[in-house]
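The structure appears right after this line, and notes come after that.
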Amino acid sequence: MSTISNPIIPIKQEFYDICTNKIVNWDTNSNNYLDLKALASFCSLGFMLDDDTFSKRIKVCKPATDYQLDENKNINGINKKWEWHYKPTERSFKNTLNDFKELFSTIIKTETINKSILLPISGGLDSRTLFVPISDRKNVVLASYDFEGGFHESETGKILSKQFNIPYYAQKIQRGYLWQKLDEISHLNNCMTDFNHPRQVDAIPHWKGLADVILLGHWGDVLFDKHTESDKINYDYQLIHLKNNILKSGGCELADDLWRIWSLEGTFDAYMMERLDKLYSEIDIDHPSARIRAFKSLYWAPRWTSINLSLFNQVGEIVIPYYSDEMCKFICTVPERHLADRKIQIEYVKKQCHEAARIPWQKYYPLNLYNYQRFNHPHYYLVRAVRKAKRILGQYFSKSPDLITRNWELQFLGKQNIFELKKNLLERKEINKLIPQNLIRKYLDKFQVNPVKYAHPISMLLTLAVFSDRHYQE
């Protein structure tokens with residue numbers, strides 16, 4: 001007898017066959033039972049929902065659940081060991097902050113003891129928070145990357161490296177890197193997320209051998225912030241808010257087109273709303289923000305964020321403090337007013353590491369953790385307007401392109417990228433067994449007219465094209 005014990009937020013996917021009730025490996029060629037409804041949902045979200053896979057027969061084991069197995073990997077018992085909840089312990093913010101500090105430091109120390117650490121650090125808050133408890137360690141390396149023509153996220157790492165005398169490595173994510181990495185990405189994530197976001201694949205080869213573990217800040221922004229503006233909104237509004245938050249408008253348009261082409265029953269919108277309603281209603285939490293956080297942690301984190309963590313396995317052991325069971329349980333005890341606006345992380349950095357707090361916060365650049373509140377103050381609007389005007393004039397006179405802020409801009413825009421995009425979407429013939437070429441051409445045309453809206457469906461079509469070449473068989 002053995003047990004698969006899934007953590008609250010799984011990093012690794014475990015699969016089972018619903019016909020044999022047996023744990024299986026992901027068989028890249030067992031797609032005779034394609035789940036077309038799951039594929040439509042996949043296109044609208046960018047990740048597989050709940051326990052979906054490409055196959056009707058193969059499902060993913062649930063989070064926070066134990067699966068008892070016999071010697072042949074047959075599932076003999078299933079036990080749900082924990083549920084997301086909201087039971088706040090009334091305490092002062094100071095006490096909440098101290099509890100977080102103790103837990104956060106303990107998790108990182110326990111997971112990294114006697115190991116060298118690589119910390120990818122950006123201009124945001126999650127990785128900066130991770131830096132605090134390891135700032136005095138002797139076996140730390142910092143790394144970061146910038147988009148070619150994008151915001152200089154590497155500035156944070158450069159400053160901390162100089163102030164704390166820590167080795168630092170920076171890479172530039174190159175325009176069009178994706179076309180040489182498609183096979184590598186599809187092998188690592190099995191095409192179970194879109195190809196729009198795993199930009200780390202271009203930087204990670206430079207990080208190999210730098211440390212024993214790689215310390216990652218994934219999911220901190222979801223755990224340590226509010227998810228609704230009010231705690232009084234009713235269930236129906238919560239569901240609409242959730243739908244608008246996780247579904248991509250261009251992806252829904254593609255899903256709707258595919259629904260009709262595949263002659264599926266009903267409408268995609270009705271199907272999706274029914275699924276979201278069922279999953280959301282099963283979460284026994286009254287507070288809207290806590291309930292939405294629980295939904296995202298149950299269905300978004302393990303099926304989107306976790307999938308591309310496989311990229312980091314090339315560097316070393318992965319340590320994700322915000323993913324830990326202890327951190328998830330802690331969050332369920334924290335009053336929502338303490339989590340709102342990322343107060344815990346901000347005050348933690350300010351109190352424990354003044355140097356890190358003084359570095360500009362990318363979201364409110366050039367302001368830092370001490371003065372970022374000024375960003376939306378009417379007196380600061382003029383400063384922002386002048387900075388924006390200077391940037392626009394500088395781009396105009398230098399004839400430089402707009403600032404790159406999203407990965408798809410780097411990979412899908414420009415003459416060479418459009419050439420590669422069309423080549424991969426129109427010359428991979430296996431996808432036409434699943435999606436007609438005239439529909440693909442339709443979305444290529446839409447993308448060139450409105451790239452912001454249609455970058456996501458284009459990325460989903462690219463993902464399905466690669467999937468079809470590697471996996472799909474009639």
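The figures follow:
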read-out: Tabulated pairs, region 411-435, first in the same structural domain as R199 (by TED's automatic domain parsing), second of a type in the set (K, R), C-beta under 9 angstrom, 6+ apart or interchain; value: none
read-out: Yes/no for S306 being among the small types (G, A, S), out of contact with any Asp or Glu (no Cβ under 8 Å at 6 or more places or on another chain) and over 27 Å from L178 (Cβ atoms); value: no
read-out: Where a residue in region 62-76 is within 24 Å of S306 (Cα to Cα) and its partner, wherever it lies, is of a type in the set (D, E) and surrounded by 17 or more Cβ atoms within 10 Å (Cβ to Cβ), with Cβ under 8 Å and at least six apart; value: K62/D51; Y67/E14
read-out: Lone qualifier among T3, T110 - being part of a strand (DSSP E or B) and surrounded by fewer than 18 Cβ atoms within 10 Å (Cβ to Cβ); value: T3
read-out: Test: residue in region 18-37 that is in a helix (DSSP H, G or I), not assigned by TED's automatic domain parsing to the domain that holds M192 and not basic (K, R); value: yes
read-out: Given (1) free of Cβ contacts under 8 Å to residues at least 24 places away in the same chain; (2) outside any helix (DSSP H, G or I), index of the condition D284 fails; value: (1)
read-out: Count - residues of region 225-251 that are touching a Phe, Trp or Tyr at 6+ places or on another chain (Cβ under 8 Å) and either buried (at least 21 other Cβ atoms within 10 Å of the Cβ) or over 21 Å from L279 (Cα atoms) (or both); value: 2
read-out: Within region 244-270, tally of residues that are of a type in the set (K, R) and touching a Leu at 6+ places or on another chain (Cβ under 8 Å); value: 1
read-out: Candidates S144, S161, filtered to the one that is part of a strand (DSSP E or B) and touching a residue at least 12 places away in the same chain (Cβ under 8 Å); value: S144
read-out: Meets criteria (among the aliphatic types (A, V, I, L, M), in contact with a Ser or Thr (Cβ under 8 Å, 6 or more places away or on another chain) and either at pLDDT below 95 or under 23 Å from R358 (Cα atoms) (or both)) for I121; value: yes
read-out: Residues of region 54-68 satisfying the condition of being at pLDDT 95 or above and not in a strand (DSSP E or B); value: C61, K62, P63, A64
read-out: Unique match (being outside any helix (DSSP H, G or I) and more than 23 Å from the chain's Cα centre (by Cα)) among K172, K138; value: K138
read-out: The listed residue being out of contact with any Ser or Thr (no Cβ under 6 Å at 6 or more places or on another chain) and either of a type in the set (G, A, S) or surrounded by fewer than 17 Cβ atoms within 10 Å (Cβ to Cβ) (or both), out of K363, K296; value: K363
read-out: Any chance F447 is surrounded by fewer than 22 Cβ atoms within 10 Å (Cβ to Cβ), assigned to a helix (DSSP H, G or I) and either without any contact (Cβ under 8 Å) to a residue 24 or more places away in the chain or not assigned by TED's automatic domain parsing to the domain that holds L34 (or both); value: no
read-out: Any chance K162 is surrounded by 16 or more Cβ atoms within 10 Å (Cβ to Cβ), over 30 Å from E336 (Cβ atoms) and either out of contact with any strand residue (DSSP E or B) (no Cβ under 7 Å at 6 or more places or on another chain) or in the same structural domain as K423 (by TED's automatic domain parsing) (or both); value: no
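The values are calculated or read from the model by the stated rules, or taken from the named source; none is laboratory data. These numbers come from a predicted model, not from an experiment. With ideal geometry, Cβ positions are generated from the backbone for all residues, glycine too; neighbour counts draw on all protein chains shown.
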